[in-house]
Each structure stands twice: as C-alpha cells, then as structure tokens.
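The values are calculated or read from the model by the stated rules, or taken from the named source; none is laboratory data. Values in this document were obtained by computation on a predicted structure and should not be read as measured data. Here the Cβ is made from the backbone with ideal geometry for all residues, glycine too, and neighbour counts use every protein chain on show.
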Amino acid sequence: MANRPVTVWGDSLSAGAGASGARLAFPAQAAALPRAARDIDNRGVGGQTSTQIAARQGGVPITVTVPDGAIPARIDQNWDFTEGLQGWGPRRAVAPYAEVAVDGDALRLTTVGTAQSGAQLWLGATLPSGTVVTVEFDLEIDAPWLEVGLVNAESAAQASGGWAATTGFSQGGHKVLNFTVGDAAEPQATALLFMAHTQIGSYRIRNLRVVSDSPVALSGQSVDVLMESGAPAGEMPAQIGDAAGIVRTDAGGNWSFTRTSAGAEVACPGTVTVIPDSAGDTGTRTLWIWAGRNNHTDPEVVKSDIAAMVAHAGHGHVLVGSVLTSAVDSAPARQGILQLNSDLSAIYDDRFVDLMAALQAASDGGAEDSADVADDLVPRSLRSDAVHLNDAGYGVVALAFSEARY
C-alpha cells in the first residue's frame, strides 16, 4: 500500500548502530527516499533477541507477578468549588466543628478554636505506605497557622483519624506540597485534611488538585524487554488489567509500574499480563521486521517469534528482513544463518526481503569485498564492524525494504 505508515521492529541494526547519526539509520534513510516518503517509526533496540522484540510488539505475551496482589488506586482530581463542596466537610473530632462552605470559587474554612478543627475530604481509596501525593492549591489565610496533610480515617462519616503525612505554614499563596504516605504515624491514608486545630480565623482554598502516585514492584517478568545492549534500561507505557501506566526498570533489572490515569484499585492475583502500548498500533501500519541476529543459534525460536509478530499484526502488510552473518561467526554458524534465511524466504515468499543478497550485490568489487561475499559475509565496504553496517550499508537496506513496498 503506497505511503502506508511503517513501524520497524528490530535490534541494533534497526536502531542504526554504526551509522554516523540517527538520520542515517536505515529507517530514517528509507523515510527520506523521494519515491517512498512516509512516516516510519523506528522501534529498534540494541542487543535484543527476536523474543524481546516480539514481546515489545505484542506478538509474544509478557507476564509478571504483582507481589501485593493489587495495583493501588490512583487519584487525579481537581476542585474549583463552583459546583458545591464536592465531598468536603468539617472534620468531626471535637465539637463545635468548623464551618466549611463554598465561597464563589473557593472552599471557605472558618474555625472557632476547637481542637482538631478543620476541613476534611474522604479520598475514596486507601493509599498505602510509600504513595506520593501531590497537593496543589491557592490559599488565602486570615489566621496564624494551617496544617495540611493526609490522615487515616476509618470512614467518610467519621472524618477524623491520625496523620499519615503532614506539613504546616502561616502564609498564603500558591502551594505545591508533596507528601509520602507513612512519613507520619499512620501507615496508610484515606482522607485529605486542612486543619486549623485551635486557631480562630478563616481560610480560602482555590484551584485545588490532588494527584497520587504509587509505584508497584513487579517480579518474574517472562520476557525482559527493558534491556538495551545487555543492560537494564528504559521504560514502557503499558496496561496491566484496567490500569494504564508506565513500566520502568532500575539498573539492577527490577521492574516497577506507576499508573498514569485515575482509577480504583486493580486486583492482580497470580500471574498477570503486561500489554505494551506499542502492541496496539500495528493495525494501521506496515511492519518491517528485522529480528533474529542476537539469537540466530535458536532458529526455531526466531521463526516462531516472527510468526507471532506477523499474526499479531492482523494484516498482510508485513516485510521480514533476512538475518545478517557476522565476520566473527564460525563457518557452521554462517551456514545456520543461511538456512534460517532460506526457511524465512520459503515462509514469507514475496514478503521476505533478502538483505544479505542486496548487500552482497552492492559490493565494491574489490578483492576484500569479493572475499567477504565468497565467505557468505556482508562486504566490509558496507560494514562499520563485524556485523553492523555503515551509512552506505544502511542505505542499501533502506532501499531494499522500500522497493518491496508491501
């Protein structure tokens, strides 16, 4: 299909290792070809096997375990108070209670000096220890002091409870407060509290926003896709159950998941599936698959992974590039790669792009290049090292994929 957008799935060869810049990686060169100009998204990641590539694409499932068995709720809520109190009310600890009312676009808190007096909001979720909660608002203060924080109330009706995190101040203005649940005595939080305690005065709160973030540890990942050139790296927007978020790794390869949209707690018993956002964009895009170099010694796995990627695409707009040999491969290894390419050619027919043949045909004809071709290698004039290509080599690959036009 002419000018159909493309996603390239591959390893360091797709990423452009050895090129003199990102604009000379083969996908960028292909996008710039006048007769093939189109949107080409490069999803090449160095060092990845066909299984890791297929898992990022969605063809091979990624499963994990959530140690606590649930992903905590996430709060992301704004109040402008033009539609009433929206859940706010007086803290019901010691009578007489403070007056909590709407004043235009503000929440007005008027206190009479009662101990533990304030305005409290039931959050509708239990936030566990370690949850980071950002509270942002504009404050007018006509009193000596105001304390703001998170409390662990037993219910919405109770509207009391002990502090889980707190801070205080005596001046108004724009406030951005970051709380970590558990920094105070209580290990969890269920409510937000503006407390004047024994002060007498009034407060106006406007433009209030509350956002919670609870990174969740993940373990037992079935495919470690957050790897680049052999080291843990990167992050991946993904879905776990009904929770959308970002999966991240630390330098030790430990995964975590942070939600990016509001929602209730999501139960995650046993093993659950992580669905990368990138798995959902295959339906309208042509796939150029160049995978298998980093696990060519497992040809059946390579073929299975590529087949899974093609099946996940759900359409026939797929091209499969041949696996390249390396100058450091043994003769048996090179023969194994040639057999793998022969198998892929038989499976995918005119959707198979014989990159080895295209690169060898682009030899400069010199003695060294000719010797490489005779040894079933990519000509060295088109390589930057034993396996990666140079700018000219990637240009050959760009043209080969683009001319296939599948």
Subset of segment 1-47 that is within 21 Å of residue 58 (Cβ to Cβ) and basic (Lys, Arg) - its residue that is surrounded by the fewest Cβ atoms within 10 Å (Cβ to Cβ): 4
In segment 288-305, the residues that are of a type outside the set (Asp, Glu) and farther than 21 Å from residue 17 by Cβ: 299, 301, 303, 304
Top-ranked residue of segment 167-180 - restricted to ones that are more than 31 Å from the chain's Cα centre (by Cα) and more than 12 Å from residue 139 (Cα to Cα), ranked as surrounded by the fewest Cβ atoms within 10 Å (Cβ to Cβ): 168
Complete set of residues in segment 312-347 that are touching a residue at least 24 places away in the same chain (Cβ under 8 Å) and in a loop (DSSP other than H, G, I, E, B): 314, 315, 316, 317, 322, 323, 324, 325, 326, 327, 328
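Conditions (1) at pLDDT below 95; (2) over 29 Å from residue 267 (Cβ atoms), marked per residue:
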{"residue": "132", "(1), (2)": "no, no"}
{"residue": "150", "(1), (2)": "no, no"}
{"residue": "158", "(1), (2)": "yes, no"}
{"residue": "179", "(1), (2)": "no, no"}
{"residue": "203", "(1), (2)": "no, yes"}
{"residue": "210", "(1), (2)": "no, no"}
Matching residues in segment 243-253 - criterion: being aliphatic (A, V, I, L, M) and surrounded by fewer than 22 Cβ atoms within 10 Å (Cβ to Cβ): 244, 246, 251
From 140, 154, residue being among the acidic types (Asp, Glu), assigned to a loop (DSSP other than H, G, I, E, B) and surrounded by fewer than 16 Cβ atoms within 10 Å (Cβ to Cβ): 154
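Which residue, of 274, 310, 216, is under 22 Å from residue 128 (Cα atoms) and in contact with a strand residue (DSSP E or B) (Cβ under 6 Å, 6 or more places away or on another chain)?
216
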Top-ranked residue in segment 261-287 [being among the hydroxyl-bearing types (Ser, Thr, Tyr) and surrounded by fewer than 18 Cβ atoms within 10 Å (Cβ to Cβ); ranked as nearest to residue 319 (Cα to Cα)]: 284
Residue 302 being part of a strand (DSSP E or B) and surrounded by 20 or more Cβ atoms within 10 Å (Cβ to Cβ): no
Meets criteria (surrounded by fewer than 18 Cβ atoms within 10 Å (Cβ to Cβ), of a type in the set (S, T, N, Q) and either touching a Gly at 6+ places or on another chain (Cβ under 8 Å) or modelled with pLDDT under 95 (or both)) for residue 256: no
For residue 168: the one exception among (1) more than 30 Å from residue 267 (Cβ to Cβ); (2) in a loop (DSSP other than H, G, I, E, B): (2)
Test: residue in segment 276-294 that is among the β-branched types (Val, Ile, Thr), in contact with a Lys or Arg (Cβ under 6 Å, 6 or more places away or on another chain) and closer than 20 Å to residue 358 by Cβ: yes
Residues (in a strand (DSSP E or B), in contact with a helix residue (DSSP H, G or I) (Cβ under 7 Å, 6 or more places away or on another chain) and either of a type in the set (A, V, I, L, M, F, W, C) or more than 16 Å from residue 46 (Cα to Cα) (or both)) located in segment 1-35: 8, 9
Qualifying residue in segment 114-121 (condition: surrounded by 20 or more Cβ atoms within 10 Å (Cβ to Cβ), in a strand (DSSP E or B) and under 33 Å from the mean Cα position of the chain (by Cα)): yes
Cβ pairs under 6 Å, 6+ apart, first in segment 353-367 and under 18 Å from residue 398 (Cβ atoms) and among the aliphatic types (A, V, I, L, M), second at pLDDT 95 or above and assigned to a loop (DSSP other than H, G, I, E, B): 355/322; 356/322; 359/378
Count - residues of segment 303-331 that are charged (D, E, K, R) and over 23 Å from residue 384 (Cα atoms): 2
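What residue, of 83, 140, is free of Cβ contacts under 8 Å to residues at least 12 places away in the same chain and of a type in the set (D, E, K, R)?
On the way: 140 fails: free of Cβ contacts under 8 Å to residues at least 12 places away in the same chain.
Of 83, 140, the one residue that is free of Cβ contacts under 8 Å to residues at least 12 places away in the same chain and of a type in the set (D, E, K, R) is 83.
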